[in-house]
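As structure tokens, the structure follows; a few thoughts come after it.
No value in this document is a laboratory result; all are computed from the given coordinates. What you see is a predicted model; the values in this text were computed from it and never measured. All Cβ positions, even for glycine, are placed from backbone atoms using ideal geometry, and neighbour counts span all protein chains on display.
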Amino acid sequence: MGNKIFVLINEGKIGGFTEKPKLIETVISRVFIFDKENIVLKFYKRDNDWWNSDMKDISKGPSRIQFIRNDFKFNHFLNPKTYFALKTAQIVNGSVKLAESKSDDDELVIVMHKEDIARTFTSVLIKNTLTLDEYKNIGRTLAKVKISIPKDFLPGNKSNWYEQMKIRLQDLAGWVSNEKDFPSEVANKALELLNNELEKNKNKFQKINRNDLFVLIDCNSENLIYSDGNLRFIDAYSPKDDWQIGAFDVDVFRTGSDIYALAEQNAFDAYLEGVNEVAGNYLDKSHSDFYLLYGATIMAPYFFMRSKKDKKYLPIAKKYLRFIMKLLK
């Protein structure tokens, strides 16, 4: 039924809306944007074999239902003004109707108020017009949000942090190998350094168990909106259970790597000062370069990939590449 629903929505045949929507397709979603109503509808695709086998099976049934419900619940917690409803889509008399969802519905749609995607944190960082006080406040905000997330959002993963980080680096190796524009010699050197650092800290990381770990946010710069002095999260639910749990430092330095790579060290230092004011007891800065390199090595291939369709992303990818090379010296 999914494809028929999408055809009808594209034609503007959906109750409660007065125009044909814009459509944005991602690897696993179709996002319909209704400008007049200021509403966005997000549907998850069913037919991405790689995603269904390597990430999460969202083709049908309980696994799909749980993923979408968890996605909405987490994003609603972080940004309730944007993520305000979870509905099911039905075809009634040749038109799509959004209805209250039942527990066994798997044609679920996340309903959002439209965000200004021109204000992604990536765009803000590239312009580099924020003051150091603003960066400090961003650090405070991120730290407060991280501390506030209930442990109820933790996945069932019970392994220690060394074991989890080992899996993360294996995932990272697969990720960087898929992007040929990201220089292989840099990728290999980054992976070697990350693995060496992990082994060097094996005993310490093995002592960090589930009780010491935090719910993680997919808080890269493309999943953050910054406007009017406020930091907001979008699409911040990590698609893989293994990525939803980790040391407190991961998210701090994940966003920190974006700031450092795109807006330089003074901005990063101010941001980290803000984090430290709120969450100094949780933050372990002794592994900052490790987590900065980890975050940047995720984002560089991502922007090289995006630059194939839009050249504006190439300078961003190159900034991450230069930052990685700086960390490797």
| query | Do any trypsin sites (Lys or Arg not before Pro) in segment 228-318 lie in a loop, going by DSSP, with at most 11 other beta-carbon atoms within 10 Å of their beta carbon, and if so which? | reply | 308, 309
| query | Where in segment 199-234 is the amide nitrogen less than 16 Å from a point lying 7 Å along the Cα-to-Cβ axis of residue 38? | reply | 227-228
| message | I want to check the label-to-label distance for residue 199 and residue 264. Put each point 7 Å from Cα in the C-beta direction and report it in nm to one decimal. | response | 3.8
| note | Dipole check, segment 118-328, charges on Cβ (K,R +1; D,E -1), about Cα centroid: among 297, 255, 238 the Cα furthest to the positive pole belongs to 297
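Can you compute the helix-only [θ] at 222 nm over the chain? Use -39500 (n - 2.57) per DSSP H run of at least 4 residues, normalise by all residues, nearest 500 deg cm²/dmol.
On the way: 12 runs with 162 residues, N = 329.
One gets -15500 deg cm²/dmol as the mean residue ellipticity at 222 nm.
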| message | Residue by residue through segment 27-41, what is 3J(HN,Hα) from phi via Karplus (6.51 cos²θ - 1.76 cosθ + 1.60, θ = phi - 60°)? Round to whole Hz and write x for glycine and proline. | response | 4, 10, 9, 10, 10, 9, 10, 9, 5, 4, 8, 6, 10, 10, 10
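Can you give the relative contact order of the chain as a percent, counting alpha carbon pairs under 8 Å and 6+ residues apart?
Numbers: 514 pairs, mean separation 56.7, N = 329.
Relative contact order for the chain comes out at 17 percent.
Compute the whole-percent fraction of alpha carbon pairs in segment 2-114 spaced more than 20 Å apart.
Summing the P(r) tail past 20 Å for segment 2-114 gives 38 percent.
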| query | Can you flag which of 285/309; 20/102; 114/189; 202/318; 13/311 are past 30 Å Cα-Cα? | reply | 285/309; 114/189; 202/318; 13/311
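Under a Cβ-only charge scheme (Lys and Arg +1, Asp and Glu -1), can you give me the dipole magnitude of the chain about the Cα centre, in debye to the nearest 20? Write out the running numbers ahead of the final one.
Details: 50 positive and 45 negative charges, 69 e Å.
Computed about the Cα centre, the dipole is about 320 debye.
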| query | What size of dipole, in debye to the nearest 20, comes out for segment 19-97 about its Cα centre when the only charges are +1 on Lys and Arg C-beta atoms and -1 on Asp and Glu C-beta atoms? | reply | 280
| query | Of 240/308; 4/60; 180/200, which sit over 19 Å apart, Cα to Cα? | reply | 240/308; 180/200
| task | Would you mind listing how long the chain runs along its three principal axes, going by Cα atoms, in whole Å with the largest first? | result | 63, 42, 40
